[in-house]
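Peer 1: Right, I'll just put the structure down here and ask away after.
The values are calculated or read from the model by the stated rules, or taken from the named source; none is laboratory data. This one's a predicted model, so the numbers in the text were calculated from it and none came from an experiment. Every residue, glycine among them, receives a Cβ derived from its backbone with ideal geometry; neighbour counts consider all protein chains shown. Keep in mind that these areas ignore ligands, DNA and RNA; they rest on the heavy atoms of the full protein, side chains included. Shrake-Rupley method; radii C 1.70, N 1.55, O 1.52, S 1.80 Å.
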Amino acid sequence: MAITTPNFFFNFNESSGNATDAVNALSGVNTSVTYSTGKINNAAYFNGSAYFTVADNALLEPTNAISFGGWVYISSTSSFQMLMAKGENAGDTRSYEMRCNGTTTKIEVQMRTGGGSFAQARTSTAIGTGAWKHVVFTRNGTTQKIYIDGVSDTLEANVTQSGNIDYNTDDLWIGQRNGGLRFNGRLDMWGLWDVELSSSEVSELYNAGTGVEYPFSTAVNSNALWMGHFA
């Protein structure tokens, strides 16, 4: 089956400067991010002080159903490292965020919905450091899932809330939130959708551990192996 076209998808194949999403040409404005070996081609490398800023845009604001994530390589742990966050923490105005839970490598998502209630989902599995892992969160109404390497993980925390996601005009950050909680590691093939991806679509993104860049192709797995594009 075809993978739903994302609202944005950063392949992170740049060698320097800002990152450009491959779907709608949204710009990830670069603050100290460098580029390193990725799952396929290059990846964005975050050294604990680096991040991207994506200006507020309707494409960043799915109403109810939402999916986001990609390939994650954690270099070292620190408190609540942010992979991505839309909105600030001040006054609890953040809309959605994906982070490591505390100093662990369990993946946690928080989301503000229904006029100020917070939904939460956290994996029971820690993804560890020093290896590429594919992580995707999906939501549709009160159904929440976090997939690790193509498999829906058992959630040790699953606080659901009904209602649409709350938004304001705050930016989206990749690699930090509100000037802190910065990420140590690499991200690759990072996307956001305004639908709940199916398990089959997540499996296709995982692509038997090989990954897939945008534009998506069903032939990527064999081509990537033949070309030697694997980590």
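Peer 1: Once phi is turned into ³J(HN,Hα) by the Karplus curve 6.51 cos²θ - 1.76 cosθ + 1.60 with θ = phi - 60°, what whole-Hz value does each residue of the range 64-75 show in order, with x for glycine and proline?
Peer 2: With the stated coefficients, the range 64-75 comes to 9, 6, 7, 9, 7, x, x, 8, 10, 10, 8, 7 Hz.
Peer 1: Where does the chain land at 222 nm, in deg cm²/dmol rounded to the nearest 500, when only DSSP H runs of n ≥ 4 count, each adding -39500 (n - 2.57), divided by all residues?
Peer 2: Helix contribution divided over all residues of the chain: -2000 deg cm²/dmol.
Peer 1: To continue, here is another question. Considering the convex hull of the alpha carbon atoms of the chain, report its projected area averaged over all viewing directions, in nm², one decimal.
Peer 2: Working: hull surface 43.1 nm².
Quarter of the Cα hull surface area: 10.8 nm².
Peer 1: List the relative contact order of the range 124-172 as a percent without decimals, with contacts defined as Cα pairs under 8 Å and 6+ residues apart.
Peer 2: Across the range 124-172, relative contact order equals 30 percent.
Peer 1: Where does the charge balance sit around Thr37 when Lys and Arg score +1, Asp and Glu -1, over other residues with C-beta under 11 Å from its C-beta?
Peer 2: Around Thr37, the surrounding residues sum to +1.
Peer 1: Something else now. Under a 1.4 Å probe, what is the accessible area of the chain per residue, stated in Å²?
Peer 2: Per residue, the chain has 38 Å² of solvent-accessible surface.
Peer 1: Whenever you get a sec, line up Phe68, Phe80 from highest to lowest accessible area (probe 1.4 Å, protein heavy atoms).
Peer 2: So the residues, ranked largest to smallest area, are Phe80, Phe68.
Peer 1: Shifting gears a bit: Give the carbon-plus-sulfur fraction of the accessible surface of the chain in %, rounded to a whole number; probe 1.4 Å, heavy atoms of protein chains only.
Peer 2: The nonpolar share, carbon plus sulfur, comes to 45 percent.
Peer 1: Principal axis extents for the range 80-182, Cα atoms only, whole Å, descending order, please.
Peer 2: 35, 30, 18
Peer 1: Same structure, new question: Step through the residues of the range 39-47 one at a time and calculate ³J(HN,Hα) from phi using the Karplus curve (6.51 cos²θ - 1.76 cosθ + 1.60, θ = phi - 60°), rounding each to whole Hz and writing x for Gly and Pro.
Peer 2: Result, ordered by residue: 5, 10, 6, 8, 9, 7, 10, 10, 9 Hz.
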